[in-house]
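S.K.: Handing you a structure now.
The values are calculated or read from the model by the stated rules, or taken from the named source; none is laboratory data. Remember, it's a predicted structure, so these values are computed and weren't measured experimentally. Cβ sites come from the backbone with ideal geometry, for glycine too, and all protein chains shown count toward neighbours.
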Amino acid sequence: MPTNDETNAHRRPVMLDLRGRDVLVVGGGPVAARRAASLVQDGASVRVVAPELCEDLAAQAASGAVRHERRDYQPGDVAGAWLVHTATGDRRTDDAVAAEAETARVWCVHAGDAARATAWTPAVARAGDVTVAVSAGGDPRRAAALRSAISTLLDAGELPLRRHRPGAGHVALVGGGPGAPDLITVRGRRLLAEADVVVTDRLGPRQLLEGLAHGVEVIEAGKAPHAHTLTQAQINDLLVERATAGQRVVRLKGGDPYLLGRGGEEALACRAAGIDVEVVPGVTSAFAVPAAAGIPVTHRGLARQVTVASAHDGATDWATLARVEGTLVLLMAVADLAARTAALIAHGRSPQTPVAIVERGTLPEQRTTVGVLADIAEKAVARGVTSPAVVVVGEVVTIAAELGDAAERGGHLAGHGGADSPAADPRPRR
């Protein structure tokens with residue numbers, strides 16, 4: 001009897017293109033259901049022969065995903081199949097199917113006896129266009145454990161995913177989250193690992209740039225108040241130009257691409273040029289940064305709704321914002337804060353409305369300044385508050401008195417606060 005190592009030495013890993021090709025599955029139980037579902041996902045035309053079907057396989061048949069012949073296996077069923085899976089649970093039937101497949105020179109996966117099979121299904125990890133197949137000496141649980149570990153590394157962008165052969169260009173607008181590098185999504189992290197070019201904002205998770213593969217080009221496109229590295233039109237042209245040249249481009253943005261991030265303009269520019277573009281949502285700083293400081297933007301009894309607004313130009317409708325109920329979150333509002341708070345008061349918002357300014361949210365140097373509309377601008381000047389910062393206006397700011405300490409104990413997401421952080425000076429003076 002050969003050992004598993006000796007058997008594996010004679011097994012050749014191959015990739016099969018099953019799209020539109022007939023595959024026979026003999027058996028109607030859970031194993032057959034899993035095999036059939038996987039084959040359908042691979043694009044195969046699946047025919048199932050079994051007198052009865054388990055619930056999962058019956059659902060596949062009812063949906064038309066597989067064709068079901070309600071009967072026992074019969075000699076001749078293998079004819080016309082490119083691949084056979086037998087999983088009846090009956091040894092004699094499975095052996096008969098395998099023997100017919102051998103005679104017909106059709107590869108056969110034998111669920112009941114791997115030694116009698118001529119083909120085996122590995123554990124598969126997929127990430128984008130990367131597929132990794134794992135076989136572990138006939139030990140499926142061992143293979144599955146390895147597959148899970150590899151999947152985790154692929155999803156986290158910890159394996160070298162960047163391609164080295166020419167291919168089609170692609171643009172991904174990736175929301176990097178509020179700043180902390182571990183708050184980017186799994187998909188966003190993987191796309192970074194695949195990128196040829198990264199066009200980055202100053203507010204994105206810049207620490208992740210240090211882990212990019214050798215040779216990846218990083219282009220600065222950040223916008224600071226009154227200081228733009230690239231105009232929006234130049235950014236749009238750059239994305240299209242690089243993708244047209246066959247490069248995989250990641251537009252790494254802070255927060256979420258579609259929340260005051262001009263991601264819609266970039267996506268439309270790519271679509272107009274015929275470029276394949278995808279949008280990867282991100283954790284928006286409008287909600288995450290207050291949360292990191294212990295401030296929920298909605299809270300029962302205090303705020304049932306939240307309004308997010310940009311305050312960086314003269315188009316802001318302060319009269320409307322002053323009238324809205326609930327919490328008001330202002331982005332890009334630190335510059336000329338005195339004029340903005342005065343506008344809210346002038347249009348009817350109480351001067352004693354609690355306000356918090358959270359600088360560099362979710363990063364180790366996070367700092368929170370609290371006050372009320374009447375004095376927050378003066379406090380911000382005294383403390384030297386600078387952007388990037390999120391301004392929260394509303395009664396929910398008072399919740400930081402209870403949650404600020406807990407958030408800070410939770411780790412770096414709460415930052416280190418400061419002399420006027422919610423934990424140190426919890427109640428804004430009214």
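S.K.: Search segment 19-32 for residues being in a loop (DSSP other than H, G, I, E, B) and more than 29 Å from the chain's Cα centre (by Cα), and hand back the single one that is surrounded by the most Cβ atoms within 10 Å (Cβ to Cβ).
M.R.: 27
S.K.: Take segment 267-295 and flag every residue that is more than 30 Å from residue 357 (Cα to Cα), assigned to a helix (DSSP H, G or I) and in contact (Cβ under 8 Å) with a residue 12 or more places away in the chain.
M.R.: Within segment 267-295, 267, 269, 270 qualify.
S.K.: What about residue 62, is it loosely packed, with under 12 Cβ neighbours inside 10 Å, hydrophobic (A, V, I, L, M, F, W, C), at pLDDT 95 or above and in a loop (DSSP other than H, G, I, E, B)? Show your work before the answer.
M.R.: On the way: loosely packed, with under 12 Cβ neighbours inside 10 Å: yes; hydrophobic (A, V, I, L, M, F, W, C): yes; at pLDDT 95 or above: yes; in a loop (DSSP other than H, G, I, E, B): no.
In short, no.
S.K.: Also, I was wondering about something else. Do we find a residue being surrounded by fewer than 17 Cβ atoms within 10 Å (Cβ to Cβ) and under 17 Å from residue 362 (Cβ atoms) anywhere in segment 196-205? Break it down into steps so the answer makes sense when it comes.
M.R.: Filtering segment 196-205 for residues surrounded by fewer than 17 Cβ atoms within 10 Å (Cβ to Cβ) gives 202.
Those still in the list that are under 17 Å from residue 362 (Cβ atoms) too: 202.
Yes: segment 196-205 contains one or more residues that are surrounded by fewer than 17 Cβ atoms within 10 Å (Cβ to Cβ) and under 17 Å from residue 362 (Cβ atoms).
S.K.: Every residue in segment 162-177 that is farther than 25 Å from residue 202 by Cβ and touching a residue at least 40 places away in the same chain (Cβ under 8 Å), please.
M.R.: Within segment 162-177, 163, 166, 167, 168, 169 meet the criteria.
S.K.: Sticking with this structure for a sec: Here are some conditions: (1) basic (Lys, Arg); (2) within 21 Å of the chain's Cα centre (by Cα); (3) at pLDDT below 90. Residue 223 meets all but one. Which one does it not meet?
M.R.: Single failed check for residue 223: (2).
S.K.: If you scan segment 357-396, which residues turn out to be within 16 Å of residue 344 (Cα to Cα) and of a type in the set (Gly, Ala, Ser)?
M.R.: Result: 371, 374, 377, 394.
S.K.: Moving on to the next point. Among the residues of segment 188-204, is there at least one that is of a type outside the set (D, E, K, R), more than 20 Å from residue 288 (Cβ to Cβ) and free of Cβ contacts under 8 Å to residues at least 12 places away in the same chain?
M.R.: no
S.K.: Let me ask you something else. Being more than 24 Å from residue 254 (Cβ to Cβ) and outside any helix (DSSP H, G or I) is the filter here; which residues of segment 139-168 pass it? Before the answer, list the steps.
M.R.: Step one: filter segment 139-168 for residues more than 24 Å from residue 254 (Cβ to Cβ), giving 139-154, 159-160, 163-168.
Once the filter is applied, which keeps residues that are more than 24 Å from residue 254 (Cβ to Cβ) and outside any helix (DSSP H, G or I), segment 139-168 yields 139, 159, 160, 163, 164, 165, 166, 167, 168.
S.K.: Now for a different question. Which one of these is closer than 20 Å to residue 38 by Cβ, free of Cβ contacts under 8 Å to residues at least 60 places away in the same chain, among the hydrophobic types (A, V, I, L, M, F, W, C) and not assigned by TED's automatic domain parsing to the domain that holds residue 77: 145, 117?
M.R.: After ruling out the rest, the residue left standing is 145.
S.K.: Any idea which of 35, 12 is of a type outside the set (Ser, Thr, Tyr), within 19 Å of residue 135 (Cβ to Cβ), modelled with pLDDT under 95 and surrounded by 12 or more Cβ atoms within 10 Å (Cβ to Cβ)?
M.R.: Every option except 35 fails the conditions.
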